[in-house]
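Below is one structure, written out as structure tokens; comments come after it.
FYI, it's all coordinate maths here, none of it is from the lab. All of these numbers come straight from a predicted model, not from anything done at the bench. Glycine gets a Cβ as well: all are built from the backbone with ideal geometry, and neighbour counts include every protein chain shown.
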Amino acid sequence: MDIKIDPIQMHLLEEVSGLHEIPAGAYNIRANGKGIARNSSANIDIIPKDNGTGIDIKIKPGTKHESVHIPVVLSEAGLTEVVYNDFYIGEGADVTIVAGCGIHNGGKKNSQHDGIHRFYIGENARVRYVEKHYGSGEGTGERIMNPQTIVEIGKNGYMEMDTAQIKGVDSTKRLTKAKLAEGATFTVMERLMTHGKQYAESEFEVDLDGDDSGAHIVSRSVAKDSSSQIFISKIHGNAKCSGHSECDAIIVGDAKISAIPEITADCSDASLIHEAAIGKIAGEQIIKLMTLGLTEEEAEEQIINGFLK
Amino acid sequence: MNDADHSGDGGSMLELKNISFTVSDEENRDKEIIKDISLTLEDDKFIAITGPNGGGKSTLAKIIVGIEKPTSGQIIWNGQDITNLSISERADLGISFAFQQPVRFKGITVFDLIKLAAGHQISRSEACEYLSEVGLCARDYVNREVDASLSGGEIKRIEIATILARGTKLSIFDEPEAGIDLWSFQNLIQVFEKMRSDIKGSILIISHQERILRIADEIIVIADGEVLEHEKAEEFLPKLLNDTESKDESCHCWKKGGC
């Protein structure tokens, strides 16, 4: 297949998906609003939607240990797009899905990618979903991403979501919604760092509808300079279920962070916990690392890197 | 005060000259934590600091490390005045400090911490050696985070492992025995003995444990912010033992004018 990827796009691809070359297995690479490479595998079909607004990814029941890569890169300033990707994961499948979006903006106009990912996870299926967001470029135009992840997990299904936005995204509004059937599990590890004047909002809404379903949402974030962040998590326990959300945030400089956890039990057997903590780096952590020979700045960097690892 | 003779030819590694440390309480009254302490610590010595709680032992250690700045006085390290150096600069010169209550970090693994302590790239097996020395089964610990999931005893031993990894000329331990169970207490004594023969530096330990005092070369008693005694261990220990045998066991008199 003849694919043209320029060095900037290649760098973005590496940042968001760790790819150095075209991946094995199923993939779809979208650059500047167009699919530039696509490959289905024996068990995983990637089908473009008729109206060109995204793709359907269909994973056959029982597919084991396969992966799908669907990175998106934008290197043209001023591009705005909304993309719908729908994942249908068959019963008993066990797959890894790697998404991610990288925007390089060297111009004055804003670049924006709103990716809406819907997951329909069959009974007993397991999905590991990895999503990274990254921005670069010296332009004054903003790099904006508003991802939505809408999840429905069938009986005894499992989804693990690992999401990170560490650098370069000026404005983001994330929404993650999940509905869980009996015995289903949803776990999230979110890592977020904002700097400069960036703004990030992350909202979770989880419905624990089935008995023995469980959700575990962990968000770790660092807000530097004069950036601001809002974390909202709403967990509804509608059955005999367990739900836990934890927001741990570090403030550096004059940043602002709000954490708004909400748990609602509509069933007396629901067991729900929320934890939220916001504060500066503990002084004693910096002191300990300084006694190992690190400077104050190095100590701070180590603590933040570890925290977001 | 019955000072040991420090004017001999042994190089003095660390000299505290007239160190005082005063803090203000809530009502803005000055409280003197350390009162004009002068001490000389020689190279290659095992020195134990003991004395009642609240007497200023930990504060003095923190002043040496640079965590607290003395209100007045000078700290001399191998002839160099380090009173105004930062914690990091003193660490680079060769001062290490094991916290009484070790600090926990989310996301930093035991391996990360030992690597930072070593100050250069080390292999996992090197890190594991340090952990084995403090009696931890290395494979179980090297990838664990130094967070709240570790017990008090575990994190205490990891703290000691970081000091071993640094291997500096002066290692200061603030009550290393606190929170460690009896089995590892024996191990702990061996760690200090091995450390001494391997590193050939000085060890300064704040401790209440007679078994630690017994392996020291010198013992310093600090109470009410002052040095009450600074003696060779062989001179000090018999006095302490006679004292506890003849009188009430729990009650050794550590007041300047007598009890």
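Among A:LEU19, A:LEU180, A:LEU292, the largest mean-square fluctuation in a Gaussian network model of chain A, built with springs joining Cα atoms closer than 10 Å, belongs to A:LEU292. Put simply, the Cα atoms of segment A:5-84 extend 42, 30, 14 Å along their principal axes, the longest span coming first. Shape analysis of segment A:44-105 places it in the oblate category; the axes a ≥ b ≥ c from the Cα gyration tensor give an a/c of at least 1.5, with a/b not above b/c.
The equivalent ellipsoid of segment B:53-118 has semi-axes of 25, 17, 9 Å, largest first, where each one is the square root of 5 times an eigenvalue of the Cα gyration tensor. Estimated translational diffusion coefficient (Stokes-Einstein, Kirkwood radius over Cα pairs, 20 °C, 1.002 mPa s) of segment A:7-282: 113 µm² per second.
Using a cutoff of 8 angstrom between alpha carbon atoms and counting only pairs six or more residues apart, the relative contact order for chain B works out to 26 percent. In the elastic network of chain A, a GNM with C-alpha springs shorter than 10 Å, the most mobile of A:ASP50, A:ASP254, A:ASP207 is A:ASP50. Per residue, the convex hull spanned by the Cα atoms of segment A:190-309 measures out at 97 cubic angstrom.
Residues in segment A:8-15 carry Karplus couplings, in order, of 5, 5, 4, 4, 4, 4, 5, 5 Hz; the curve used is 6.51 cos²θ - 1.76 cosθ + 1.60 with θ = phi - 60°, and Gly or Pro positions show x.
Which of the trypsin sites (Lys or Arg not before Pro) found in segment B:24-64 are in a DSSP loop and have at most 13 neighbouring Cβ atoms, other than their own, within 10 Å? Here the trypsin sites (Lys or Arg not before Pro) that fit, given the DSSP loop and packing criteria, are B:ARG29. Just so you know, the Cα atoms of the protein assembly as shown work out to an Rg and Dmax of 29.9, 96 Å. The Cα atoms of segment B:1-129 give a gyration tensor whose axes a ≥ b ≥ c have a/c of 1.5 or more with a/b no greater than b/c, which makes the shape oblate. Database remark: amide H of A:HIS133 closer than 5 angstrom to the amide H of A:CYS101, A:ALA164, A:GLN165, A:ILE166 (H placed geometrically; neighbours at sequence offset of 5 or more, or on other chains; Pro and chain starts carry no H).
Local charge for A:PHE204 was computed over the other residues whose Cβ lies under 12 Å away, with Lys and Arg +1 and Asp and Glu -1, and equals -4. Checking every one of the trypsin sites (Lys or Arg not before Pro) in segment A:30-115 against DSSP loop status and a limit of 14 other Cβ atoms within 10 Å picks out A:LYS49, A:LYS108. As a calculated quantity, the FRET efficiency between A:THR80 and A:ILE273 at R0 = 56 Å, using C-beta atoms, amounts to about 0.90. Across chain A, the mean sequence separation of Cα contacts (distance under 8 Å, 6 or more residues apart), normalised by length, yields a relative contact order of 10 percent. With both labels modelled 7 Å from their Cα along Cα-to-Cβ, the A:THR53 to B:ASP43 distance reads 7.9 nm. DSSP finds beta bridges in segment B:12-246, and of those with both partners inside it, around 60 percent are antiparallel. Where both bridge residues fall in chain A, DSSP classifies roughly 5% of the beta bridges as antiparallel.
Counting Cβ atoms of other protein chains within 10 Å of each residue's Cβ and taking the mean over peptide B:110-120 gives 3. Sorting the Cα pairs of segment B:113-192 by distance into bins of 5 Å, from 0 upward, gives 3, 15, 29, 27, 19, 7, 1 percent per bin.
For the segment B:99-106, counting C-beta atoms of other chains within 10 Å of every residue's C-beta and taking the mean gives 5.
Cross-link partners for A:LYS288 among the lysines, with Cα-Cα distance under 23 Å and sequence neighbours closer than 8 places in the same chain left out: A:LYS224, A:LYS280, A:LYS309, B:LYS57, B:LYS62, B:LYS69, B:LYS106, B:LYS115, B:LYS156, B:LYS169. According to the calculation over all Cα-Cα pairs in segment A:76-212, the P(r) per 10 Å bin from zero is 12, 41, 28, 14, 4, 0 %. Whole-Hz Karplus values for segment B:218-227 come out as 10, 10, 10, 9, 10, 8, 6, x, 10, 7 Hz, taken residue by residue from phi with 6.51 cos²θ - 1.76 cosθ + 1.60 and θ = phi - 60°; glycine and proline positions read x.
Across segment B:12-246, the volume of the C-alpha convex hull divided among the residues equals 138 Å³ per residue. Can you pull out the trypsin sites (Lys or Arg not before Pro) in segment A:151-232 that DSSP calls coil and that have at most 14 other Cβ atoms within 10 Å? Listed in order of number, the matching sites are A:LYS197. Evaluating kT/(6 pi eta Rh) at 37 °C and 0.692 mPa s, with the Kirkwood radius of segment B:146-186 over Cα pairs in the Stokes-Einstein relation, gives 296 µm² s⁻¹.
Judged by the mean number of other Cβ atoms found within 10 Å, the most tightly packed of the peptides B:130-136, B:227-233 leads the ranking B:130-136, B:227-233.
Here's the picture: charge each Lys and Arg Cβ at +1 and each Asp and Glu Cβ at -1 in the protein assembly as shown, and of A:GLN302, A:TYR88, A:HIS236 the one pushed furthest to the positive end of that dipole is A:TYR88.
Within 10 Å of the Cβ of each residue in A:291-304, the mean number of Cβ atoms contributed by other protein chains is 6. Working from label points 7 Å from Cα in the Cα-to-Cβ sense, the B:GLN121 to B:ASN28 distance is 5.7 nm.
In this simple spin-label approximation, A:GLU298 and A:ILE36 carry label points 7 Å from Cα along the Cα→Cβ vector, and these lie 4.0 nm apart.
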